[in-house]
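Report on one structure; see the data block that follows.
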Amino acid sequence: AASDVYKRQGGKRVLLAEDLEFNAEIASEFLAEAGLVTETACNGAEAVEKFGSSPEGYYSLIFMDIQMPVLDGYQAADKIRALDRTDAKTVPIVAMTANAFSEDRQAALDAGMNDHVAKPINMNVLVPTIRKYL
């Protein structure tokens, strides 16, 4: 299944905001298996900065950890959505959190995110989520 996604996604770029290096490495491996080029940000502020300084349309998808220092994922998503550029309103943002309760899902949607995946990341959930947006 990952190879089907690879053929369709071939080289699309995702921004992965994750403060724990180990988690970022694992998520990056999964995303690479799905054929995506991953760039990482170690906190929400860096994610906003990287997105804001990239050319329009540079990132096809953002995976946003919720619990990060400086700016958490909700704040970072909100700031990205508020940027004065077209893709800031349309880029899919998917929350990643160990908390998979319905109120966490709702908080992600309220912050302008499109979806929510639970950690630890599971390829059987990640691949359909990627397919939904790319």
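The values are calculated or read from the model by the stated rules, or taken from the named source; none is laboratory data. Keep in mind it's a predicted model, so treat the numbers as computed, not measured. For neighbour counting, all protein chains shown are included, and Cβ atoms are generated from backbone atoms with ideal geometry for every residue, glycine included. What goes into the accessible areas is simple: the full protein's heavy atoms, side chains included, and nothing from ligands, DNA or RNA. Shrake-Rupley method; radii C 1.70, N 1.55, O 1.52, S 1.80 Å.
Key figures for this structure:
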| read-out | value |
| --- | --- |
| Test: residue 82 is of a type outside the set (Lys, Arg) and under 24 Å from residue 131 (Cα atoms) | no |
| Subset of the stretch 118-133 [touching a residue at least 60 places away in the same chain (Cβ under 8 Å) and either open to solvent by less than 40 Å² (accessible area, probe 1.4 Å) or over 13 Å from the mean Cα position of the chain (by Cα) (or both)] | 120, 121, 123, 126, 127, 130, 131 |
| The stretch 46-87, residues that are of a type in the set (Asp, Glu), touching a residue at least 12 places away in the same chain (Cβ under 8 Å) and either open to solvent by 40 Å² or more (accessible area, probe 1.4 Å) or touching a His at 6+ places or on another chain (Cβ under 8 Å) (or both) | 46, 56, 72, 78 |
| Selected residue (only one of 121, 130 is of a type outside the set (Phe, Trp, Tyr) and modelled with pLDDT of 90 or more) | 130 |
| Meets criteria (in contact with a helix residue (DSSP H, G or I) (Cβ under 7 Å, 6 or more places away or on another chain) and at pLDDT below 90) for residue 17 | no |
| Residue count for the stretch 25-45, restricted to those that are open to solvent by less than 10 Å² (accessible area, probe 1.4 Å) and modelled with pLDDT of 95 or more | 2 |
